[in-house]
1. So what's the net charge close to Ala113: Lys and Arg +1, Asp and Glu -1, counting the other residues with Cβ under 12 Å from its Cβ?
2. Let's test the formula: R0 of 45 Å, r as the Cβ-Cβ distance of Arg47 and Gln176. What FRET efficiency results, to the nearest 0.05?
3. Order by neighbour count: Tyr191, Tyr175, fewest other Cβ atoms within 10 Å first, most last.
4. Given labels modelled 7 Å from the Cα in the Cβ direction, how far is it in nm from Asn58 to Gln79?
5. Can you list the residues, at least 5 places off or on another chain, whose amide H is less than 5 Å from the amide H of Ser183, using H built in the peptide plane?
6. Please give the calculated 222 nm ellipticity per residue for the chain, where each DSSP H segment of at least 4 residues contributes -39500 (n - 2.57) and the sum is spread over every residue; nearest 500 deg cm²/dmol?
7. Only Cα pairs under 8 Å and at least 6 apart count here; give the relative contact order of the stretch 16-253 as a rounded whole percent.
8. Considering only DSSP beta bridges with both partners in the stretch 16-253, what is the antiparallel share in %, to the nearest 5?
Amino acid sequence: MRCLLYSQSMDMTGNSILITGGGSGIGRGLAEAFHQLGNRVVIAGRRQEALDSVTTANPGISALTVDMADAASIAAFAQQLERHAPELNVVINNAGIMRPEDLLSGDASTAEAIIATNLLGPIRLTAALLPLLRRQRSSTIMMVSSGLAFVPMALTATYCATKAAIHSYSQSLRYQLRDTTISVVELIPPYVGTELMPGGTVNPRAMPLDEFITEVMNLLTTPGAEEVCVERVKPLRFAAQSGHFDEIFNGLNAAMPH
């Protein structure tokens, strides 16, 4: 099945790009790939050490700190970013956390933390940066969801729910911005070899990060991509349409502790 819809085209060079969660994993991989193409890249995250590791290894990438779970931090960050990169025209909302949950415990603190970072964070940041993006000749907002938005892994219930919400939010945002010069792209990763969950970098079931980044960058050269899926995520993305949702859901969750 297709996983490329079409809108305005995203240029791959000559941009000023913000990537949240850019200190590791998919965020770092995208930052380095766009930097190598000659874009100005700013990464953001909570952990200064992780950000410093990226900027040291990639002279020219700059970094700012932000706590994506904190509304005041995001507001201050948006003002700082506008001073630091007034030509900003691409925002990649990538920051996120994934934690296992026992939904029978009666404790909602883990769910609340995930929602604050994964859902409220990108919504708040997008709202704060829209005036700046609208001043540019053309701009792009990329929302990073997940294949688990379409077939949830029950052990990480709230993570999956936030990614499903990001998918829905992206569709509505794209529609509301349809008469502007801002395009909205949704990147839908499969299980990628990162430390989003412990052991991810050595799990043979995970797609190697370098392979994922290479395929994504190739897909983004397709004019006007709206939904970007590598081949390995398509069974999840189209599980309902293909009639295999129950089979895939049960297979994904069969090994989950009861």
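1. Result for the neighbourhood of Ala113: -4.
2. It comes to 0.85.
3. Tyr175, Tyr191
4. Between Asn58 and Gln79, the label points sit 2.9 nm apart.
5. Counting only residues 5 or more places away or on other chains, the set is Ser139, Thr140, Ile141.
6. The helix-only estimate for the chain comes to -12000 deg cm²/dmol at 222 nm.
7. This gives 18 percent for the stretch 16-253.
8. 0
Every read-out reported here was derived from the displayed coordinates using simple, explicitly stated rules and does not represent laboratory data. Here the structure is a predicted model, which means the values were calculated and not measured. For neighbour counting, all protein chains shown are included, and Cβ atoms are generated from backbone atoms with ideal geometry for every residue, glycine included.
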